[in-house]
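This report concerns only the one structure given below.
The values are calculated or read from the model by the stated rules, or taken from the named source; none is laboratory data. In this text the structure is predicted, and so the values were computed from the model without any measurement. Here Cβ is always computed from backbone atoms with ideal geometry, including for glycine, and neighbour counts include all displayed protein chains. Only protein heavy atoms, including side chains, enter the accessible area calculation; ligands, DNA and RNA are left aside. Shrake-Rupley method; radii C 1.70, N 1.55, O 1.52, S 1.80 Å.
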Amino acid sequence: MNHHDDNSFQFNTLAIRSGHTRSFEGEHAEPIFLTSSFTYQSAAEAAAKFSGESAGNIYSRFTNPTVNTFEKRLAAMEGAERAVATSSGMAAIMAVAMTFLSQGDHVICSRAVFGSTIALFEKYIRKFGIDIDFVDLMDVSAWQNAMCSQTKLLFVESPSNPLSEVADIAALSQLAKQHGALLAIDNTICTPIFQRPLQLGADLVIYSGTKYLDGQGRTLGGAVLGSQALLEEVHGYVRTTGPSMSPFNAWVLLKGLETLRLRMMEHNRNALRLAEWLQQHPKVHAVHYAGLADHPSHALAKKQQTGFSGIVSFEVKGGREQAWTVIDQTQFISITGNLGDAKSTITHPATTTHGKLSVEAKQAAGISEALIRVSVGIEDINDIIHDLSRGLDLIAL
Ligand SMILES: *Cc1c(COP(=O)(O)O)cnc(C)c1O
């Protein structure tokens, strides 16, 4: 049944059919190969597999058929030559850093990245003699000014969370190429449904599969995608050091991919409806969603993305007390830091995801006490709006 890997299929078919080769059992759904190692018919076959003379599974830290199905399907959806799965999104970022950086190298990272990404570079990469600069993702000249002869990696999360700011990926790709550096894009928020960084010139795409790829809050997972040559190196790192994805988690994520497009279209639709509703609400001071025409990244987002995804942030009139009231008055929206779930989630960035930042750093990052982040789920949008209006109605002007 190798025609399932036929890349001439259209996107919707790839999302459902690619990556799986039916076994001799004739199974319809993709099987879960919960096995740590694999056996051989003979000592000679074992020797050939270990030497790399013949292809095949040896040990699940190296390869596993279920993990491989997930990797092939995600690569097909991204239009990438290859994907390597990891145990989490952070493991994917660490794999890129450890594979491609050496002592004396320099990294430029967008300032508004996931909190653990900053900690990963500052605490665990810097100590190996690798220098890191953080710059404003929207300001191409800041990236240009930060470049030096040691720069090996440009790391960007676009669009950013929670403010939905967008980096000019094609411009950063040109800059990276001029200096022989790699450009890695954390595409967790857009997924391949709304953005294909490789087509814009990026070298590597990174996912936290924990978010939209699973989309139902069940498992951690991650992936790195790109050319066969680069990913062969990433795979070498992962198979040796062990942040491999478990077969069960790969199966959960694989099933997530089958409905990814449907879910993303609905997240996108609901988020725009919510952003527009918030924008006209008298108790709302500002709304941050690139799908709105007055957002500073709207034009660029429209050019390089086919959707704006599901993260909407807004500032209430007032401060922490008013923001917490809106959060505490919700009845079904989950108060949790996670995002990208079918269930809507709500959080107060200043005291949770960005709570460790200094007052000045919060200010520089645009994280005010009045800011609320909603990861807009795929429940009925009128119910979501009603749940948020409970607290907003209580705010005194
Ligand atoms: C959650 C997240 C990560 C980290 O992923 P984990 O799966 O939690 O390790 C990295 N980047 C972005 C944009 C994220 O939202």
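A few notes on this one:
- Filtered residues of region 213-263 (kept if of a type in the set (G, A, S) and under 15 Å from the mean Cα position of the chain (by Cα)): G215, G217, G221, G222, A223, G226, G256
- Any chance P159 is modelled with pLDDT of 95 or more, closer than 17 Å to V113 by Cα and within 19 Å of the chain's Cα centre (by Cα): yes
- Residue among T345, T306, T352 that alone is open to solvent by 10 Å² or more (accessible area, probe 1.4 Å) and either within 16 Å of the ligand (Cβ to nearest atom) or in the same structural domain as G209 (by TED's automatic domain parsing) (or both): T352
- Hey, S116 open to solvent by 40 Å² or more (accessible area, probe 1.4 Å), farther than 21 Å from N161 by Cβ and either assigned to a loop (DSSP other than H, G, I, E, B) or within 16 Å of the ligand (Cβ to nearest atom) (or both) or not: no
- The residue of region 79-92 that is nearest to the ligand (Cβ to nearest atom), among those that are of a type outside the set (V, I, T) and buried (at least 22 other Cβ atoms within 10 Å of the Cβ), is G89.
- Single unsatisfied condition, W251 versus (1) open to solvent by 30 Å² or more (accessible area, probe 1.4 Å); (2) outside the structural domain of F70 (by TED's automatic domain parsing): (2)
- Within region 61-76, not a single residue is outside any helix (DSSP H, G or I), in contact with a strand residue (DSSP E or B) (Cβ under 7 Å, 6 or more places away or on another chain) and either more than 27 Å from L14 (Cβ to Cβ) or at pLDDT 95 or above (or both).
- Every residue from region 162-189 that is over 13 Å from T117 (Cβ atoms) and of a type in the set (S, T, N, Q): S164, S173, Q174, Q178, N187
- Test: Q280 is open to solvent by 50 Å² or more (accessible area, probe 1.4 Å), more than 30 Å from W143 (Cβ to Cβ) and either assigned by TED's automatic domain parsing to the domain that holds S36 or without any contact (Cβ under 8 Å) to a residue 24 or more places away in the chain (or both): yes
- Residue that is most open to solvent (accessible area, probe 1.4 Å), among those in region 23-45 that are hydroxyl-bearing (S, T, Y) and in a loop (DSSP other than H, G, I, E, B): T39
- Any hit, region 93-105, residues being under 20 Å from A167 (Cβ atoms), of a type outside the set (S, T, Y), within 15 Å of the ligand (Cβ to nearest atom) and modelled with pLDDT under 95: no
- Residues within region 52-92 that are more than 18 Å from the chain's Cα centre (by Cα) and either among the aromatic types (F, W, Y) or on the phi > 0 side of the Ramachandran plot (or both), tallied: 4
- Conditions (1) open to solvent by 10 Å² or more (accessible area, probe 1.4 Å); (2) more than 11 Å from the ligand (Cβ to nearest atom); (3) closer than 16 Å to A80 by Cα: number failed by Y237: (3)
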